[in-house]
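What follows is a short report on a single structure.
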Amino acid sequence: MAGETAAVKQALPKREVKIHTLTCKTDQAVKQVLVTLRDLVIFFIGGAGDQESYYGTGPNNNIDYVRRIAVGDAKQLEILKRCPSWVLSYNAFISDDDLERNVLSRIPNCSSAIYIVGHSLGGWNGAHLSSVLTDKGFKVKMLITLDPVGEGKIVYGISSIYRREPIPKADYWVNIRAAAVDWNASDLVADFGEQWEVTQGPNVMGRVDVNHADADRMFVQTLPGGKSARQIFNESILNYFRE
């Protein structure tokens, strides 16, 4: 992990420091200058049975493992205090009241950069959330969908998810499709819910030999282009603060 975060730092351009004279040097009066700080918030959205029990299974907290990786990287990059993050269940923002309480109230202001990382049903609903927030005037900087699920009519009937296929609205979208060679129970569940077969839209997308439940492994797998979602995520945040 240390080597990867160091590589992220090296990959970014160095900041050029410039000095601007705001007033004449002979004017010693105290001046008030408005400084706009860059705010950022990250939402990690779990799937069925992730943050709460789902028909007798869970909670499994798969998305929490992804958040732990991101928090660890932020500590090493010395930006943790500037990267508040929240873990949500896939159904935590469907109603207007839940959207206000669990999402909108946690966004510092309309100019804040919003990052959404969703897994399974959380990827499906998280993609919808990117559209909802953008339509409300917020700025979704990045959307990462980890094996999103939600195409099936049956899963819609028993889960609180959006029915129509998402139309994500984000500056940058990374989509990962789990395609494990050796299936396990989680892949059967994903097959039941019907994985979202994304064919166009993402800036980066790829299929990985990872089981559906292993959201953290998807997050760190190398994708077409030579980088993982983790690397793309970290570079985007650092660039945002350095702009």
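The values are calculated or read from the model by the stated rules, or taken from the named source; none is laboratory data. Computed from a predicted structure; not experimentally measured. Cβ atoms come from the backbone with ideal geometry, glycine included; neighbour counts cover every protein chain shown.
Considered as a group, the residues in region 184-220 that are part of a helix (DSSP H, G or I), of a type outside the set (S, T, N, Q) and without any contact (Cβ under 8 Å) to a residue 60 or more places away in the chain include one that is farthest from LYS169 (Cα to Cα), and that residue is ALA185.
Tell me, please, whether a residue that is among the β-branched types (Val, Ile, Thr), under 19 Å from THR222 (Cα atoms) and within 16 Å of the chain's Cα centre (by Cα) can be found in region 167-178. Looking for residues that are among the β-branched types (Val, Ile, Thr), under 19 Å from THR222 (Cα atoms) and within 16 Å of the chain's Cα centre (by Cα), one finds at least one in region 167-178, hence yes. When ILE161, ILE116 are checked against the criterion of being outside any loop (DSSP other than H, G, I, E, B) and crowded, with 16+ Cβ neighbours inside 10 Å, ILE116 stands alone in meeting it.
Scanning region 168-212 for residues that are among the aliphatic types (A, V, I, L, M), exposed (fewer than 14 other Cβ atoms within 10 Å of the Cβ) and at pLDDT below 95 returns ALA185, LEU188.
Taken together, the residues in region 70-93 that are surrounded by fewer than 18 Cβ atoms within 10 Å (Cβ to Cβ) and in contact (Cβ under 8 Å) with a residue 12 or more places away in the chain amount to 8. Entry remark, region 128-156: residues being modelled with pLDDT of 95 or more, hydroxyl-bearing (Ser, Thr, Tyr) and touching a Gly at 6+ places or on another chain (Cβ under 8 Å) number 1 in total.
One residue is enough: does region 54-62 have a residue meeting the conditions closer than 15 Å to ALA215 by Cα, part of a helix (DSSP H, G or I), at pLDDT 95 or above and within 17 Å of the chain's Cα centre (by Cα)? Yes, that holds for at least one residue. Among residues of region 221-235 that are farther than 15 Å from ILE114 by Cα, those with a Cβ under 7 angstrom from a residue that is outside any helix (DSSP H, G or I) and small (Gly, Ala, Ser), sequence gap 6+ or separate chain, pair up as GLN221/SER228; THR222/SER228; LEU223/GLY206; PRO224/GLY206.
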